[in-house]
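Below is one structure, written out as structure tokens; the observations come after it.
The values are calculated or read from the model by the stated rules, or taken from the named source; none is laboratory data. All of these numbers come straight from a predicted model, not from anything done at the bench. Don't worry about glycine lacking a Cβ; one is built from the backbone with ideal geometry, like all the others, and counts go over all protein chains shown. Accessible surface is based on the protein model in full, side chains and every heavy atom, while ligands, DNA and RNA are left aside. Shrake-Rupley method; radii C 1.70, N 1.55, O 1.52, S 1.80 Å.
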Number of protein chains: 2
Amino acid sequence: MTVNRLIYLPLGGAGEIGMNAYVYGYGPANKERLILVDMGVTFPDMDSTPGVDLILPDMTWLEENLDRLEAIFITHAHEDHIGALGHLWPRLQKPVYARRFTATVGRLKFEEQGLPIEAINIVAARPETVEVGPFNVQFVPVSHSIPESAALVIDTPAGRIVHSGDFKLDRSPVVGEPWDDARFAEIAAERPVKALMCDSTNVFSLHPGRSESSIREPIRDLVAGRGGLVVATTFASNVARLKTLAEAAKAADRSVCLMGRAMKRMVAAAEQSGVLTDFPRTVSPEDAADIPRGNLMLIVTGSQGERRAASAQLSRGKYLGMEMKAGDLFLFSSKTIPGNERDVLRIMNNFSEMGVDVMDDGGGKYHVSGHANRPDLEHVHRLLLPDMLIPMHGEHRHLREHARIGAEAGLAAAVVTNGMIVDLTGETPVTVGHVETGRLYLDGSAIVGALDGVIRDRIRMALNGHVMVTVILDDDNSVLGEAWVETMGLAERGRSGILAEVMEGELTEFLDGAGRKILADDDKLDEALRRIVRQVGMEEIGKKPEVTVVVSRLMAE
Amino acid sequence: MTVNRLIYLPLGGAGEIGMNAYVYGYGPANKERLILVDMGVTFPDMDSTPGVDLILPDMTWLEENLDRLEAIFITHAHEDHIGALGHLWPRLQKPVYARRFTATVGRLKFEEQGLPIEAINIVAARPETVEVGPFNVQFVPVSHSIPESAALVIDTPAGRIVHSGDFKLDRSPVVGEPWDDARFAEIAAERPVKALMCDSTNVFSLHPGRSESSIREPIRDLVAGRGGLVVATTFASNVARLKTLAEAAKAADRSVCLMGRAMKRMVAAAEQSGVLTDFPRTVSPEDAADIPRGNLMLIVTGSQGERRAASAQLSRGKYLGMEMKAGDLFLFSSKTIPGNERDVLRIMNNFSEMGVDVMDDGGGKYHVSGHANRPDLEHVHRLLLPDMLIPMHGEHRHLREHARIGAEAGLAAAVVTNGMIVDLTGETPVTVGHVETGRLYLDGSAIVGALDGVIRDRIRMALNGHVMVTVILDDDNSVLGEAWVETMGLAERGRSGILAEVMEGELTEFLDGAGRKILADDDKLDEALRRIVRQVGMEEIGKKPEVTVVVSRLMAE
């Protein structure tokens, strides 16, 4: 008799915030039929991934088991859940399922990449059910900071799983469906929940979360009290916030102008998919130029300080013909994601130099989070009463804390991180295997592996500088001319003179005295020259540079 | 008749947090006699200064006016006030004045650099007065997060200036002198204060600051409630905090072991200079290994996540024979400076994986700031009632806000940033000039200018990768062999093959067809080859790399 099992395998998102990609499987061991939930990206930084455009989950394991993969489900249209779809779908080529708004955003990505948009299927909310292999999957509306976020109810012969997606308990979310306790109570009443995979982002926030609608009045009051130009920034995908901001503008007799490509695209997608019906009319940047500053609000991209986005550009001068002046207001209706502080502060200080008043989230007055806080998570645990709780969407410390509070409440909770295969068939989660996971870097138009050494070399050049040595030998292994050194990213002068010249001197001296054995051996010669360069670097400027040696051997013709 | 004037000129620290260096002058215009207050550093980051060891203020202006400089005063021993002394003093060679603890730290730096320690003079607190040129300078004890921090009273024929240094209003600071209102009231009563140059770091903190002693009990309770090993980190120079932590250990029957060079050095300097007399006895790391974990507390460096410091090393495994285990406690008795979040979070997550419980400042339970908050600043304004308020030690947004609240209270307040010369002789500050200021980078043992292009080249290599092209020509301008390409930090394969090979193919094709005019002209050839490499880079991998071209011309012998 074949024993079927139900497995869970995160490929991204479990042990990090970003790059969500979760696999569920059902069937005989190692032959389970599979579905993938979410295909997200995470964002590079100069410290660890200089020059990289996007970071994608490494799905090699899934590619190697492609014949087992039934379908891909996308819970919502945030980049950390959908961002890799356009880049990695060509490697999977399986049907994609999402709610209308999410699918609209996904199809825009597919169009840009020349991929077949019909691969993305639009699914209505539960009770509509997608049947793929042994899985019956329903999309359950939840509130979040983007329209039509969904939890998934995943039914299998081994039991019901609830995959929370990203959510908050917002009963008046301004745009989209409110959180509905009854909906989730019904899910648990209909069939016991075997396992809850649950968003952990805000597990360290101890107060109950606040509704999007709670910041409407503060923002309206803030805008109403201002003369001059008002500019606000938030995440482009936070359509409810855009609406809140636009309505505050309207109430203060200000026309609204959306700036930044992502912002316009999101509003268009929201209107196209029907989730946004009454957004105040906007004006174009060209028309905005003719409107008195006191009657205008710009809503712009770049809340995280991104250097090319509208916020940063406005802080440096003109953007699309608009310019900020003393007495204007710039509102960050957003929180700064850890790691982006320096970039955001740079913008704030630029504005300060212009005399622009900057407001940030005001301790929660002008921004609320899109994730469930600890009491909210505990509320959901109680609503669903799952046998098992598996925290996801968090760094290790979030997962651990979330598991801890689950265990305290009597749930079989486990910390499961990327690459762990966990068997959910029994009463508690059991780790049954481990697969290699990792990161891919979209770098220009190329995709390189995190361990390929490409980015490591960039970091080394950035830390240590780079020295190039050129030596030419004839077919008799005699050195022609002298060693030539070019440096990049290093002090020009060292203790005893021009750095490149000191290196050339030492290299030439070495070559003059070097025996045949070394001169004839590319590897030995390379190593010897490299060592001299690093040694001179240390003596002259206290640094050991990266070295590239080019030995050219000219053959008699 | 010669008209003398009193001027203020920040060379660092005004418009940034870090790198403090303030000049005061008195005398005929452009012939003022000068003093320098503080010589601080700021710290590099991968985004803007990869590979750099320290950032120093560019004091070229002072070096050009060296005959006018009387002396250097150091307010306290934090690196952003004293860190450049060992590196830049050789360019100034003027007497240095500081209180005993600060001088002790300074002399340690001088010893390391082989500089004459007798150049650093120890000054007692007011009423002791240093007379240099037209200046009479007194050190006034203030409380801060390091022993013997001082404000300066600077008397000139044109009036009295109070330079606040870094301070907080701590009436029970655990180590060192408490803040004393009477001391400052007396200063103002003795002679009216013409101008107050005032710390602005915490101007956005709206509640009154809390005393160092307020966290004694919470820390004691936290430590008392733990089994297993307890490890705590804070700034090495926060001697009061070290004492608080060590006393909490003692109360819980734990021996204390200090780890990290800076930590031991600071405690030694504090004991040597007499400010620390009753620090609990510590054990060495070797002895610590024999003590039961439940009877031991380590106090370690690396509160900002510095990769080579003790905290980071413990989070990766063993450090000096010690290792953390599940159930141990790691306490960040510190706040994370903006920009360091990612490094600190990495440590927290590493510990989470080990099962170590991590506590951070606990919303102020286990850490207090060393700077005066807004109500405290306003209190000091009222105590001293200066004619003018010039905020210092802050980013632009801090200076602007501080000036705003000063102006609201009726003071002549001005935002003065690095490089501005401000005349304080009259009733309000008047900008009378501007000097070039900037940053120097200590890079290994070399000092390079921020605008030298060295670091810009490193950043470019890190973002774009680096391609080296070697071409050899004979004295007839014929190409010998073929173009040779080495790449570093770039994807190995492009759209149509191995990237280096595709580049070599295109370069060789170009060289085969190139006319004499180009082949004979180094600049033209360089430019043409560079353009081809960048174009191929764009087509093959969507990136334009940095390019170094080496054209070797072999002459007939």
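Okay, here's what the table says:
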quantity: Hits in segment A:523-537 - residues which are surrounded by fewer than 15 Cβ atoms within 10 Å (Cβ to Cβ) and either away from chain B (no Cβ under 14 Å) or more than 20 Å from residue A:486 (Cα to Cα) (or both); calculated: A:523, A:524, A:527, A:531
quantity: All positions within segment A:456-496 that are more than 7 Å from chain B (Cβ to nearest Cβ), in contact (Cβ under 8 Å) with a residue 60 or more places away in the chain and surrounded by 22 or more Cβ atoms within 10 Å (Cβ to Cβ); calculated: A:467, A:469, A:471
quantity: Top-ranked residue in segment B:538-554 [being in contact (Cβ under 8 Å) with a residue 60 or more places away in the chain and at the interface with chain A (Cβ under 8 Å from one of its Cβ atoms); ranked as surrounded by the fewest Cβ atoms within 10 Å (Cβ to Cβ)]; calculated: B:554
quantity: Hits in segment B:365-382 (condition: closer than 9 Å to residue B:202 by Cβ and either at pLDDT below 95 or part of a helix (DSSP H, G or I) (or both)); calculated: B:374, B:376, B:377
quantity: Some residue of segment B:58-68 being within 29 Å of residue B:127 (Cβ to Cβ), open to solvent by less than 30 Å² (accessible area, probe 1.4 Å) and in contact with a Pro (Cβ under 9 Å, 6 or more places away or on another chain); calculated: no
quantity: Residues of segment B:413-428 satisfying the condition of being without any contact (Cβ under 8 Å) to a residue 60 or more places away in the chain and surrounded by fewer than 20 Cβ atoms within 10 Å (Cβ to Cβ); calculated: B:426, B:427, B:428
quantity: Residue within segment B:499-513 that is within 13 Å of chain A (Cβ to nearest Cβ), part of a helix (DSSP H, G or I) and among the β-branched types (Val, Ile, Thr) present; calculated: yes
quantity: Positions within segment A:310-364 being surrounded by fewer than 18 Cβ atoms within 10 Å (Cβ to Cβ), away from chain B (no Cβ under 13 Å) and not in a loop (DSSP other than H, G, I, E, B), in sequence order; calculated: A:316, A:364
quantity: Criterion: in contact (Cβ under 8 Å) with a residue 40 or more places away in the chain and either buried (at least 22 other Cβ atoms within 10 Å of the Cβ) or within 9 Å of another protein chain (Cβ to nearest Cβ) (or both) - qualifying residue of B:443, B:452; calculated: B:443
quantity: Any chance residue B:381 is more than 12 Å from chain A (Cβ to nearest Cβ), crowded, with 18+ Cβ neighbours inside 10 Å and in contact with a Ser or Thr (Cβ under 9 Å, 6 or more places away or on another chain); calculated: no
quantity: Residue A:386, sole failed condition from (1) more than 14 Å from chain B (Cβ to nearest Cβ); (2) open to solvent by 10 Å² or more (accessible area, probe 1.4 Å); (3) within 24 Å of residue A:420 (Cβ to Cβ); calculated: (2)
quantity: Selection within segment A:392-412 - over 18 Å from residue B:350 (Cβ atoms), open to solvent by less than 20 Å² (accessible area, probe 1.4 Å) and part of a strand (DSSP E or B); calculated: A:392
quantity: Evaluation of residue B:155 against (1) in contact (Cβ under 8 Å) with a residue 40 or more places away in the chain; (2) in a strand (DSSP E or B); (3) open to solvent by 20 Å² or more (accessible area, probe 1.4 Å) (one fails), failing number; calculated: (1)
quantity: The one condition in (1) open to solvent by 20 Å² or more (accessible area, probe 1.4 Å); (2) within 28 Å of the chain's Cα centre (by Cα); (3) among the aliphatic types (A, V, I, L, M) that residue A:432 fails to fulfil; calculated: (2)
quantity: Breaking point among (1) at positive phi; (2) assigned to a helix (DSSP H, G or I), for residue A:262; calculated: (1)
quantity: Residue A:232 vs. criteria over 27 Å from the mean Cα position of the chain (by Cα), among the small types (Gly, Ala, Ser) and open to solvent by less than 10 Å² (accessible area, probe 1.4 Å); calculated: no
quantity: Residue B:118 vs. criteria modelled with pLDDT of 95 or more and assigned to a strand (DSSP E or B); calculated: no
quantity: Every residue from segment B:158-186 that is of a type in the set (Phe, Trp, Tyr) and within 30 Å of residue B:29 (Cα to Cα); calculated: none
quantity: So residue A:470, is it touching a Phe, Trp or Tyr at 6+ places or on another chain (Cβ under 6 Å) and among the hydroxyl-bearing types (Ser, Thr, Tyr); calculated: yes
quantity: Unmet requirement for residue B:100, which otherwise passes all of (1) open to solvent by less than 50 Å² (accessible area, probe 1.4 Å); (2) of a type outside the set (Ser, Thr, Tyr); (3) touching a strand residue (DSSP E or B) at 6+ places or on another chain (Cβ under 6 Å); calculated: (1)
quantity: Qualifying residue in segment B:70-78 (condition: surrounded by fewer than 24 Cβ atoms within 10 Å (Cβ to Cβ) and either within 14 Å of chain A (Cβ to nearest Cβ) or under 16 Å from residue B:8 (Cα atoms) (or both)); calculated: yes
quantity: Residue ID - nearest to the chain's Cα centre (by Cα), chosen from residues in segment B:513-523 that are under 12 Å from residue B:473 (Cα atoms) and charged (D, E, K, R); calculated: B:522
quantity: Residue in segment B:502-522 that is touching a helix residue (DSSP H, G or I) at 6+ places or on another chain (Cβ under 8 Å) and among the hydroxyl-bearing types (Ser, Thr, Tyr) present; calculated: no
quantity: Residue check for residue B:107: at pLDDT 95 or above, open to solvent by 10 Å² or more (accessible area, probe 1.4 Å), in a helix (DSSP H, G or I) and under 24 Å from residue B:16 (Cβ atoms); calculated: no
quantity: Options A:107, A:91: the member that is touching a residue at least 24 places away in the same chain (Cβ under 8 Å) and basic (Lys, Arg); calculated: A:91
quantity: Those residues of segment B:227-282 which are among the basic types (Lys, Arg) and more than 21 Å from residue B:303 (Cβ to Cβ), in sequence order; calculated: B:250, B:281
quantity: Test: residue in segment A:211-224 that is among the polar types (S, T, N, Q), surrounded by 21 or more Cβ atoms within 10 Å (Cβ to Cβ) and either within 23 Å of the chain's Cα centre (by Cα) or in a helix (DSSP H, G or I) (or both); calculated: no
